[in-house]
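Colleague: I'd like to ask you about the structure that follows.
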Amino acid sequence: MPAFAKSPWVIHYDASSCNGCDIETLACLTPLYDAERLGVVNTGNPKHADIFLVTGAVNAQSGDVIRNIYHQLPEPKVVVAVGACAASGGIFRECYNIHGGVDTVVPVDVYVGGCAARPEAIIDGIVRAVQILEVKHKATQAAARGIDKLVYEPALAGDIPEILALQKVTYRSEAEIYGDDSLPAMQQTLAEIEADLAQWTFLKASINGKIVGSIRGRIEGATGYIRRCIVHPYFRGRGIARRLITEMERSFPPQVVRFETLTGHKSRRNLAMCEKLGYRVFKTEEYLPTVQWVHLQKERK
Amino acid sequence: MLVLEIAMGLYIVVLGIRHRRPLVVLLLLVQLLPMVGWELRHGEGLQAHGDLLADRLSALMALINGVVGGSICLYALGYMREYHTAHHPEVRDRRPLFFSLLFFFLAAMFGIVFSNNLLWLYFFWEVTTLCSFVLIAYKQDEESIGNAFRALTYNLIGGAAFAGAIIWVHRATGSIGLTDLIHAAPALVIGPALLLSLAGITKSAQLPFSRWLLGAMVAPTPVSALLHSSTMVKAGVYLVLRMAPILHGTAGGIVVALVGASSFALASLAAVGTSDAKKVLAYSTVANLGLIILCGGIGTHEAVWAGVLLILFHAVAKCLLFLCVGVVEHRLHSRDIERMSGLVLSMPRLSIMLQIGIAGMFLAPFGMLIGKWAVLKAVIDTYPIIALPIIFGSAPTLFFWMKWMGKLLEVTHPIPNIEHEIGRGEWFALTLLSCTTALTCIAFPLVSAWLVEPYVIGVYGRSGHLAHGNFVIMTIMLAMVALFPLSFFNYGRRVKVLDPYLGGANVESGARYQGAVGQVHALQMSNYTLAGLVPEAGVFRVGIGVGLALLAALAACLLLLR
Amino acid sequence: MNPLLRFAIYLILAPLIGGLLAGIDRKLSARLQARQGPPLWQPFYDVRKLWNKENIVVRRSQDFYVFFFLILMVFTGGLFFAGSDLLLVVFALTLAAIFLVLGAYKASSPYSFIGAERELLQMMAYEPMILVTAVGMYLATGSFYVNDIAAHSGVLALRLPGVLLGFLFCLLIKFRKSPFDLSSSHHAHQELVRGILTEFSGSTLAMIEVAHWFENVLLLGWVYLFFAASPAAGIAAALGAFLLVIVVDNACARLTWPTMLKGAWATTLVLGFGNILFLTYF
């Protein structure tokens, strides 16, 4: 039996505009419509919710909030845009402060029409969202089960935003180790990382098209520099990082006889892994007040 | 002996005159003059059967003095160096005096626990009072001198009661031995026993005398740890527990029990209202000593068993807490509990030690809780009504300890680790005490069987103990709690780490949020103090009122006995 | 019956009964509000779904506290149904609750922080009454052991009416029901987002849910104990208490914590201790 169909928990956010859809959404919970008979609970907390229900058009202020809430919804999650404004900006579309529909900020899975949307339509939207939840859940499960189906291949320009998002998730654990949120990897912008693409080769590890790990490398003379080996926390401890490093080494042309990499002095797991792969420490240097770089090198066998 | 006593008395008189404290002089003269006159009159007639007393209870007390006192002295070495160089350069460096007094005090404590001759006991008792006075005034500023005199005054009241008790015992039994007193017919010696309990109550800072202990927190932390939590104040409860067989079943005993019980409930409630770590510890000390006094007042074998156990557990855990707070105070330049947020990152090992100490103070299945449990059972079997303050006192205990523990765990933003600044002596003492705290909890049945039960059986012919089944269950719980650190092996698997939910107003990275008009605020959290419902000062005032009423009741008991 | 056997039966039946009770709760609440309400098995659906969700945390270690909360809650119920010492049950229950509070503190979110503080206030409110209940049962039967109390020939409720009423008052707090759902509230209600539970998600939230099922069964078992002399009356009383809690939940608005604290302590003092005094001296 499907796990998600019977218990869709909703978080509801009103981005702006006339509040009509907002009120209609709450009307779904009244005795007349009683969405709870389908197991719907209005949680008010993204971390408990499965479905993100947004009403109203997105303006400068609500855009950030929508993005924040969206990121705090645990996977699998579905976004439902309720009403004309949420779909496109509606009658507010041309206003000076309006960005447009919800899909200008986060990916939307279900659109519910109407101005204001009828409660019946909203409930119908939730039912459709539940089906999408199931599909997404199966995809994640397949990814988790298909860990042996990992594909290691060069990353393309289109993958860069996803890699940047992954980098920010990944480096959070490092920031915790050093007690420093200002690590450059956490601060990097899309423009900067796209500029990196000119000098660095990117490799990615993906399962069913979802990127779970990445690494970048650059050649200078006879030395191959390997940097930013990142693996999604969910997939750590399964040898992906090690495989990425070996793949990177292999991708360097034969004239490269020496590989160099670096990590922070407190990242014990990284250090241990590099040593296992044959890397040896050859120098350390001051980098940030909180972080010292440990440089490691290895000769090609 | 007499000469020393007179010399000490004169010193206090001089101090009292110099600082214009007529009350101190008066209290001293009230006890010194009759004592001297009486001793001169009787001369060699004052005899006890054996001047020394060494049983399991003395042994236990001596063990506490030795282990806890020793580690505190070690800790004090580093602490006092830092105290003068880094934190209080304005205070005149009198470390030689400080340490000599510390050791002098420890010697006196050993004297107290091993004396059988009441005159000796009285002498050592007054020595600890004097040491406490000088050490509290160590800073030599107005506040500390004022508090030191308050401590002296209150303790001299106890001293006067003690002196009265000795004369009374001698008149009633013709001996001045502690054992003779205990073994005499209870009806004959209930008066002096009550006076000695009164002395114990002042020494243990029970209501209405608690104010001196709170004031004593101005002293350097090792002093608070040694004198005002683990040893000197224990001398008071030690004496009351010794009196337990006499107090059992008497009206006076009930009054003593009520003093302890009300101290427990009200001091616990008052502790909720403050966020000063040392003050919380002081209130909790008063509360727990109250529990022990309550045991003495009830005086059944179960109660005494629980009381002795409580002495042990409390001494170890509380001392650990004091020492930890001392270290934290030096690092953070504050002893406000609210400032301890993120301690688990800045001083991880220390925060674990603090948590061990706190858990030892109130959590099942650790030591203090076993004691509290036994007290509750003992009380219900004798005077169920006294269960009221215990039950209402343990709820706030839970609250103030837990909110402290929570503050230690909570982390809002990354903090660098500053633990390496802590000296080696401090580490050694802290580690030793943490291990002792853990060990006393684990080896609790052994401690009970070797030290506590033989003593209680020696006095009553039978002893309280934990039923076998319950003991097994406690062990299982202990094992479960001990397993807790193991869970960290699975640290961080299969979870996604995100910022807390802040109404969707999170700002990129870290616990900050965007408020009105686009301003970015850092997250800040602080504990409830329930100031509206149970204001600290108000509760304390009620406590003093209750204490005075009970004191009047005690006086009435004494007058009726005359 | 062998205590171990009873423990095993409890281990299997408690989550089933607890989950079913939660389902009845939601159905009944819906009917009281003139709604159809979710299916009876809804709590099980919810838990299964949560188990399949991603787990989001603020601090990694926060989940372990919850894990221990569940374990200790199961253990506490086990102690009770195996016939152990009531005071020990109370202490174990406190220990379990403390682990949840610590987890919420660890999560370092403003909502879970206030939730944790309020949970502590709730514990402070109900703890005295629960202890008084244990003491009252001891005074009435002469034993702290659940076994002996259950085997007592008289109906305890007749000798401890005040204690029973006070205990019912505490049930409102323990079940997290209005008017005392301060630290976190049930189903669709929102108080401080979800208060103490705000930062737990996925399987961790499922664990908390299951722990509450165990807890509820334990508490209703305790109500049964008041009528243990006649099992039918005992079961009826337990169900009655459960219904009462639901009706009160739907009929009341949330009160503030000072009201809760004063109310609970006054109840303990007047009903609980009044009853005990009566028992001791008359």
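Colleague: Between residue C:278 and residue B:187, take the C-beta separation as r, use R0 = 22 Å, and let me know the FRET efficiency to the nearest 0.05.
Modeller: 0.10
Colleague: In nm, to one decimal, how far is the residue A:220 label point from the residue B:140 one, both placed 7 Å along Cα→Cβ?
Modeller: Simple spin-label model gives 6.3 nm for this pair.
Colleague: For segment B:320-335 and segment A:231-296, compute the distance between their C-alpha centroids and round to whole Å.
Modeller: Cα centroid to Cα centroid, the span is 40 Å.
Colleague: Run the reach check for residue A:301 against lysines, Cα to Cα strictly under 30 Å, same-chain hits fewer than 8 apart removed. What comes back?
Modeller: Filter leaves A:149, A:204, A:266, A:276, A:283.
Colleague: Heads up, I need the accessible area for residue B:51: 1.4 angstrom probe, whole protein in place, Å², nearest 10.
Modeller: Residue B:51 exposes around 60 Å² with every protein chain in place.
Colleague: Let me ask you something else. Residues of segment C:81-103 losing 30 Å² or more of accessible surface, assembly versus chain alone, probe 1.4 Å, please list them.
Modeller: C:85, C:87, C:88, C:91, C:95, C:98, C:99, C:102
Colleague: Reachable aspartates and glutamates from residue A:298, Cα under 20 Å, same-chain residues fewer than 8 places away excluded?
Modeller: A:220, A:247, A:249, A:260, A:275, A:285
Colleague: R0 = 45 Å: FRET efficiency of residue B:497 with residue C:158, Cβ-based, nearest 0.05?
Modeller: According to the calculation, E is roughly 0.20.
Colleague: Tally up the carbon and sulfur contribution to the accessible surface of segment C:3-281 as a whole percent, 1.4 Å probe, everything protein left in place.
Modeller: It is 73 percent, rounded to a whole number.
Colleague: Would you be so kind as to identify which of C:132, A:150, A:165 lies farthest towards the positive end of the dipole of the protein assembly as shown, taking Lys and Arg as +1 and Asp and Glu as -1 on Cβ and the Cα centre as origin?
Modeller: The residue sitting farthest along the positive end of the dipole is A:150.
Colleague: Chains B and C: how much accessible area gets covered up at their contact, both sides added, probe 1.4 Å, in Å² to the nearest hundred?
Modeller: 5800
Colleague: Percent of Cα-Cα pairs per 20 Å bin, from 0 to the last occupied bin, for the protein assembly as shown, please list those.
Modeller: 11, 36, 32, 17, 4, 0
Colleague: Next up: Evaluate the charge dipole of chain B about its Cα centre and quote only its size in Debye, nearest 20, assuming +1 on the Cβ of each Lys and Arg and -1 on the Cβ of each Asp and Glu.
Modeller: 360
Colleague: Please report the base-10 log of the normalised intensity I(q)/I(0) for segment B:1-236, using a Debye sum with one equal scatterer per alpha carbon and no solvent, at each q in 0.14 (1/Å).
Modeller: -0.90
Colleague: Follow-up question, since we're still on this one. Which trypsin sites (Lys or Arg not before Pro) from segment B:72-179 combine a DSSP loop assignment with at most 16 other Cβ atoms within 10 Å?
Modeller: B:92, B:94
Colleague: Note down the nm distance, to one decimal, between modelled labels 7 Å out along Cα→Cβ at residue A:128 and at residue A:268.
Modeller: 5.3
Colleague: Nearest 100 Å², what total accessible surface is buried between chain A and chain B (probe 1.4 Å)?
Modeller: 1800
Colleague: What residues have an amide H closer than 5 Å to that of residue A:262, excluding those fewer than 5 places away on the same chain, when H is modeled at 1.01 Å from N in the peptide plane?
Modeller: Amide H neighbours of residue A:262, under 5 Å, 5+ apart: A:296.
Colleague: Taking the full set of protein chains and a 1.4 angstrom probe, give the accessible area of residue A:149 in square angstrom, rounded to the nearest 10.
Modeller: We get 130 Å² for residue A:149.
Colleague: As I understand it, the value is the acute angle between the Cα axis of helix B:468-483 and the longest principal axis of the Cα atoms of chain B; what does it come to in degrees, rounded to 10?
Modeller: Compared with the principal axis, the helix lies near 40 degrees.
Colleague: Here is a further query. Once Lys and Arg get +1 and Asp and Glu get -1 on their Cβ, which of C:182, C:214, C:41 lies farthest toward the positive end of the dipole of segment C:3-281?
Modeller: Of the options given, the answer is C:41.
Colleague: In straight Cα distance, which lysines are under 21 Å from residue B:139, not counting same-chain residues fewer than 8 positions off?
Modeller: Filter leaves B:278, B:279.
Colleague: A further question on this structure: What residue among B:42, B:311, B:431 has its Cα farthest toward the positive end of the dipole of the protein assembly as shown, where the charges are +1 on Lys, Arg and -1 on Asp, Glu, each on the Cβ?
Modeller: Most positive-ward Cα: B:431.
Colleague: Where the only charges are on Cβ atoms (+1 Lys, Arg; -1 Asp, Glu), what is the dipole of chain A about its Cα centre, to the nearest 20 debye?
Modeller: 1620
Colleague: Then there is this: Find out how many positive minus negative residues lie around residue B:209, taking Lys and Arg as positive, Asp and Glu as negative, among other residues whose Cβ is under 14 Å from that of residue B:209.
Modeller: Once all neighbours under 14 Å are counted, the net charge is +3.
Colleague: Sticking with this one: Suppose we compare each residue of segment A:32-46 in its chain alone and in the full protein complex with a 1.4 Å probe; which ones drop by at least 10 Å² of accessible area?
Modeller: Listed by number, the residues meeting the 10 Å² cut-off are A:34, A:36, A:37, A:39, A:41, A:42, A:43, A:44, A:45, A:46.
Colleague: Using just the helices of the protein assembly as shown, give the 222 nm mean residue ellipticity in deg cm²/dmol: DSSP H runs with n ≥ 4 each add -39,500 (n - 2.57), and the total is spread over all residues, rounded to 500.
Modeller: Rounded to the nearest 500, the figure is -20000 deg cm²/dmol.
Colleague: So with the 1.4 Å probe, I'd like the accessible area per residue for segment C:3-281, rounded to whole Å².
Modeller: Spelled out: the 1.4 Å probe surface of segment C:3-281, per residue, equals 30 Å².
Colleague: Something else: Mind checking the dipole of segment B:1-236: about its Cα centre, +1 per Lys or Arg Cβ, -1 per Asp or Glu Cβ, Debye to the nearest 20?
Modeller: It comes to approximately 360 debye.
Colleague: While we're on this one: Using only the Cα atoms of segment C:3-281, construct the convex hull and provide its projected area averaged over every direction, in square nanometres to one decimal.
Modeller: Answer in nm², one decimal: 13.8.
Colleague: Among A:96, C:281, what's the order by accessible area (1.4 angstrom probe), most exposed first?
Modeller: Descending accessible area places them as A:96, C:281.
Colleague: Over chain B, with every protein chain in place, what whole percent of the accessible area is carbon and sulfur at 1.4 Å, could you tell me?
Modeller: On chain B, the fraction of accessible area on carbon and sulfur atoms equals 65 percent.
Colleague: Once R0 is set to 60 Å, what does the formula 1/(1 + (r/R0)^6) return for the Cβ-Cβ distance between residue B:450 and residue A:5, expressed as a FRET efficiency to the nearest 0.05?
Modeller: That pair, residue B:450 with residue A:5, gives E of 0.40.
Colleague: Rounded if a/c is under 1.5, else prolate if a/b beats b/c, else oblate: with a ≥ b ≥ c from the C-alpha gyration tensor eigenvalues square-rooted, which is segment C:1-76?
Modeller: Because a/c hits 1.5 or more and a/b fails to exceed b/c, segment C:1-76 counts as oblate.
Colleague: Still on this structure, I have one more. In segment A:186-211, which residues have a backbone nitrogen under 19 Å from the label point lying 7 Å from residue A:145's Cα in the Cα-to-Cβ direction?
Modeller: A:207-210
Colleague: Please give me the summed charge of the neighbours of residue C:93: other residues whose Cβ is under 11 Å from its Cβ, Lys and Arg +1, Asp and Glu -1.
Modeller: Net charge around residue C:93: -1.
Colleague: Can I ask one more? For segment A:187-301, rounded, prolate or oblate, judged on the Cα gyration tensor with a ≥ b ≥ c (square roots of eigenvalues), a/c < 1.5 rounded, else prolate if a/b > b/c?
Modeller: In terms of gyration-tensor shape, rounded.
Colleague: Averaged per residue, what accessible surface does chain B expose to a 1.4 Å probe, in Å²?
Modeller: For chain B, the solvent-accessible area averages 34 Å² per residue.
The values are calculated or read from the model by the stated rules, or taken from the named source; none is laboratory data. No experiment lies behind these values; they were computed from the predicted model shown. In this analysis, Cβ positions are derived from the backbone assuming ideal geometry, glycine residues included, and neighbour counts consider all displayed protein chains. Accessible surface is based on the protein model in full, side chains and every heavy atom, while ligands, DNA and RNA are left aside. Shrake-Rupley method; radii C 1.70, N 1.55, O 1.52, S 1.80 Å.
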